[in-house]
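Report on the following structure.
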Amino acid sequence: MRRAFALGSEARERRHVSRVSTVTEAAQAPRPGAEGTNAPDERKKVHRAETKTKTPVEAKRQGPTLEDVRVDERVRTYIRAANQQTGAIGYTEHGERHATTSADGARFILRSLGHEPRRCELGAISAYLHDIGNAITRDRHGQTGALLVKDILEDLGFTTEELATIMGAIANHEEAEGGLPVSAVSAAVIIADKSDVHRSRVRNPKTTTFDIHDRVNYAATAAEIKVSRKEKLITLQLTIDTEVAPLMEYFEIFLTRMMLSRRAAEYLRCNFALVINDTRLL
Ligand SMILES: [Fe+2]
Ligand SMILES: [Fe+2]
């Protein structure tokens, strides 16, 4: 059983919608127990599914949704500020496009592994908010972001237990800040975040002045997360234009992210594979 989530199509990004191409299957999964991923593999086959940035009905009955968070004026303002401020210090795009792509990816990973709808929703919400701390400072933005959203999420009606899950996932998403997978939600956020490498994130308009981060992101023309529940395998599949950036440059800046992604996959009881230009490298 294998499902795939494509990141980074520019046409898609303009609409802030990400699609899931289902390679062979799968819809309604059985509900696992707390943190459980060992439910039987019994999903029905479908030809195509789409990640629900609009939240599933079941999740909505259980509490506030991603949509409630996304339309909150404080969230919108902080994410805009985070994007502006990371741009001011030379980082790639960290705005609503990255937030939405990460949210769709985290939801896709959890749903593909059979997690219950509410946990999938919390994964999408955590991923949507994971970089909001850049509105305060780049350094320790995981921790500042976790604290920044606390009052907002309380106002929106999240339970204290849900707050702890979301805040833990936001605070632990960054490898440079000592982040580690601390829950299934956190693990899904890590993989979704680290998988969003794409040329549309590059803000520097002058290719002649690209630094290594610009070059590697610009070289990535396609990124797709694939999840095989049956094989217990999460795969990041990238297409890299090696005339823009040699693969060594990708590893130079992304190796630590891939190592954290592998730990996150292990938390979800899966192996992690990195495939670049049809060659498996990890
Ligand atoms: Fe981050
Ligand atoms: Fe991020």
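Observations on the structure shown:
- Within this structure, LEU282 fails the test of being touching a Gly at 6+ places or on another chain (Cβ under 8 Å) and not in a strand (DSSP E or B).
- Scanning region 170-187 for residues that are in contact with a Leu (Cβ under 8 Å, 6 or more places away or on another chain), part of a helix (DSSP H, G or I) and within 13 Å of ligand 2 (Cβ to nearest atom) yields ILE170, GLU175.
- When every residue of region 177-194 is checked against the conditions, none turns out to be more than 16 Å from ligand 1 (Cβ to nearest atom) and in contact with a strand residue (DSSP E or B) (Cβ under 9 Å, 6 or more places away or on another chain).
- Matching residues in region 231-282 - criterion: being of a type in the set (D, E, K, R) and touching a Lys or Arg at 6+ places or on another chain (Cβ under 8 Å): GLU231, LYS232, GLU249, ARG257, ARG269
- Out of LEU113, LEU129, LEU163, sole residue that is buried (at least 19 other Cβ atoms within 10 Å of the Cβ) and out of contact with any Gly (no Cβ under 8 Å at 6 or more places or on another chain): LEU113
- Some residue of region 247-268 being assigned to a loop (DSSP other than H, G, I, E, B) and touching a residue at least 24 places away in the same chain (Cβ under 8 Å): yes
- Comparison of LEU238, LEU255, LEU180, LEU233 shows that the only residue that is surrounded by fewer than 19 Cβ atoms within 10 Å (Cβ to Cβ), modelled with pLDDT under 95 and among the aliphatic types (A, V, I, L, M) is LEU255.
- Given (1) under 24 Å from ASP104 (Cβ atoms); (2) more than 15 Å from ligand 2 (Cβ to nearest atom); (3) among the polar types (S, T, N, Q), number of the condition THR160 does not satisfy: (1)
- If you filter region 193-238 down to residues that are in a helix (DSSP H, G or I) and small (Gly, Ala, Ser), you find that the one that is nearest to ASN271 (Cα to Cα) is SER195.
- Filtered by the rule that a residue be assigned to a loop (DSSP other than H, G, I, E, B) and over 19 Å from ARG61 (Cα atoms), region 115-146 gives HIS130, ASP131, ILE136, THR137, ARG138, ASP139, ARG140.
- Selection from region 188-201 of residues that are surrounded by 24 or more Cβ atoms within 10 Å (Cβ to Cβ) and more than 11 Å from ligand 2 (Cβ to nearest atom): ALA188, ILE191, HIS198
- Residue list for region 64-107, filter: within 20 Å of ALA187 (Cα to Cα) and either within 15 Å of ligand 2 (Cβ to nearest atom) or aliphatic (A, V, I, L, M) (or both): LEU66, HIS94, HIS98, ALA99, THR100, THR101, SER102, ALA103, ASP104, GLY105, ALA106
The values are calculated or read from the model by the stated rules, or taken from the named source; none is laboratory data. All of these numbers come straight from a predicted model, not from anything done at the bench. Using ideal geometry, Cβ is built from the backbone for each residue, glycine included, and neighbour counts are taken over all protein chains shown.
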